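The values are calculated or read from the model by the stated rules, or taken from the named source; none is laboratory data. No experiment lies behind these values; they were computed from the predicted model shown. Glycine also receives a Cβ, built like all others from the backbone with ideal geometry; neighbour counts cover every protein chain displayed. Just so you know, the surface numbers come from the protein's heavy atoms only, side chains and all, with ligands and any DNA or RNA stripped out. Shrake-Rupley method; radii C 1.70, N 1.55, O 1.52, S 1.80 Å.
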Amino acid sequence: MKELRDLVRENVWKLKPYSSARDEFHGAASVFLDANENPWNPPYNRYPDPLQWKLKERIAELKGVEKESIFLGNGSDEAIDLVIRAFCEPALDGIVTITPSYGMYEVAAEVNNVECRKVPLDDCFGLDADAVLKVADEWTKVIFLCSPNNPSGNSLDRGAIYKILKNYEGIVVVDEAYIDFSAYPSFLRELAGFPNLIVLQTLSKAWGAAGIRLGMAFASPEIIALLNKIKYPYNINQLTQEKALELLSDEAVKNKQVREILAERDRLEKILAEPPFSYQVYPSDANFLLVNVGNADAVYDGLVRKGVVVRNRNNVTKCHGCLRITVGTPAEDNALLDALKGLRV
Ligand SMILES: *Cc1c(COP(=O)(O)O)cnc(C)c1O
């Protein structure tokens, strides 16, 4: 890896971050007259902890990482944006990602006027490490990978990810939004060996909390300190911090829901691959299935008319004819299957 100093934008490296009242005073006190808060309406009259230490302590324990290696964002989407803003000089630097994949890497790059180069996966949605390394040049600051990948559902080849981590001098983001559904281990355990690695996870999928907006980035304390420097001071609100602590206190609940979703995924996959459907169903390591239904637009419209909404991926690279179907409850999935059976397309 290049020196962090040489990868980070000059202005970000030099920046002196905003120092809030909650940053400047640490310790015990009984009278807080430092932040222009209203003294009534506790506890929500108070600004939340800007660095969310209590929540990070729990996450550190769950994930087996140091709390200084954790950044929390308003969804992983905030972390994606901040990584681009920390490392990529607008109109000069760029990122490289894969296609098809999660659309936010490109959107966040475009918002920041940062070039996004996309390397196609192969016809089985496999990752070609050499192709990615070849497309990255001296202005490429970040490579975004997603595994298990959205919308294809497969995990990327681990050997190919290692090859990129070893041979690329810049930052490598591995987005693991769906890791809890995967048969493969997280790259979190590789943080110690690869100072250029950033792993993204989220409470939005397996933890069942997309509504509270909590994303996690794991990286070296140096990279985490950079993200903290440029984030909004109070980016995670008090309600989210409290609800997240409550959810994270009981991992067994999440694990049970994941097991049920996986059983349901396997059931759905079998049924969709067999007559009368006989669709091509791509292997999934996540909580959704990419299914080639042939006339995807017509099937999509037909389902919507019956009140069932899936994601039409017909116009996405390598996904022609495909719908992305989230695994729901058994009742929801039966409703999908009934609606599909009634379609004539
Ligand atoms: C759903 C998803 C996320 C989650 O984003 P949040 O902002 O945390 O809700 C991140 N990455 C991928 C690939 C996803 O599919």
Is it the case that Ala60 is of a type in the set (Gly, Ala, Ser) and closer than 27 Å to Asp180 by Cβ? yes
Selection from the range 193-213 of residues that are assigned to a loop (DSSP other than H, G, I, E, B) and within 22 Å of Ile84 (Cα to Cα): Phe194, Pro195, Asn196, Leu203, Ser204, Arg213
Quick check: is even one residue across the range 318-339 touching a Ser or Thr at 6+ places or on another chain (Cβ under 6 Å), under 29 Å from Asp175 (Cα atoms), open to solvent by less than 40 Å² (accessible area, probe 1.4 Å) and assigned to a loop (DSSP other than H, G, I, E, B)? no
Consider only pairs whose beta carbons are under 8 Å apart and that are at least six residues apart or on different chains; among these, list those whose first residue lies in the range 289-312 and is at negative phi and touching a residue at least 24 places away in the same chain (Cβ under 8 Å) and whose second residue is open to solvent by 40 Å² or more (accessible area, probe 1.4 Å) and assigned to a helix (DSSP H, G or I). Leu289/Glu269; Val308/Ala335; Val310/Tyr300
Just to be sure before I move on: is Lys118 of a type outside the set (A, V, I, L, M, F, W, C), open to solvent by 70 Å² or more (accessible area, probe 1.4 Å), at pLDDT 95 or above and under 30 Å from Val316 (Cβ atoms) in the structure I sent? yes
Restricting the range 93-115 to residues that are touching a Ser or Thr at 6+ places or on another chain (Cβ under 7 Å) and hydrophobic (A, V, I, L, M, F, W, C), the residue that is nearest to Asn314 (Cα to Cα): Val96
Look at Val299 and say whether it is more than 28 Å from Ser186 (Cα to Cα), buried (at least 17 other Cβ atoms within 10 Å of the Cβ) and β-branched (Val, Ile, Thr). yes
List the number of the failed condition for Asp77; all other conditions in (1) away from the ligand (no atom under 16 Å from the Cβ); (2) surrounded by 12 or more Cβ atoms within 10 Å (Cβ to Cβ) hold. (1)
Please determine whether any residue of the range 116-123 is basic (Lys, Arg) and within 15 Å of the ligand (Cβ to nearest atom). yes
For the range 231-252 the number of residues that are surrounded by fewer than 16 Cβ atoms within 10 Å (Cβ to Cβ), of a type in the set (A, V, I, L, M) and touching a helix residue (DSSP H, G or I) at 6+ places or on another chain (Cβ under 8 Å) is 2
Of all the residues that make up the range 134-151, how many are surrounded by 20 or more Cβ atoms within 10 Å (Cβ to Cβ), more than 11 Å from the ligand (Cβ to nearest atom) and outside any strand (DSSP E or B)? 1
Residue count, the range 102-156 (criterion: polar (S, T, N, Q) and under 23 Å from Ser182 (Cβ atoms)): 6
So the check is Cβ under 9 Å with 6+ separation or different chains; which pairs have a first residue in the range 31-59 that's free of Cβ contacts under 8 Å to residues at least 40 places away in the same chain and of a type in the set (Gly, Ala, Ser) and a second one that's open to solvent by less than 60 Å² (accessible area, probe 1.4 Å) and in a loop (DSSP other than H, G, I, E, B)? Ala35/Ser20
Exactly one condition in (1) closer than 30 Å to Leu4 by Cα; (2) in a helix (DSSP H, G or I) is not met by Met216; state its number. (2)
Take the range 81-115 and flag every residue that is closer than 24 Å to Arg158 by Cα, open to solvent by less than 20 Å² (accessible area, probe 1.4 Å) and out of contact with any strand residue (DSSP E or B) (no Cβ under 7 Å at 6 or more places or on another chain). Pro100
For the range 224-243, which residues satisfy the criterion of being among the charged types (D, E, K, R) and under 19 Å from the mean Cα position of the chain (by Cα)? Lys231
Report the residue count in the range 173-210 for those that are within 10 Å of the ligand (Cβ to nearest atom), in contact with a helix residue (DSSP H, G or I) (Cβ under 9 Å, 6 or more places away or on another chain) and open to solvent by 30 Å² or more (accessible area, probe 1.4 Å). 1
Let me confirm something: among Asn11, Asn38, Asn45, which residue is polar (S, T, N, Q) and either in contact with a helix residue (DSSP H, G or I) (Cβ under 8 Å, 6 or more places away or on another chain) or closer than 25 Å to Tyr168 by Cα (or both)? Asn11
Per the filter on the range 211-235, residues within 12 Å of the ligand (Cβ to nearest atom) and over 30 Å from Tyr168 (Cα atoms) are Gly211, Ile212, Arg213
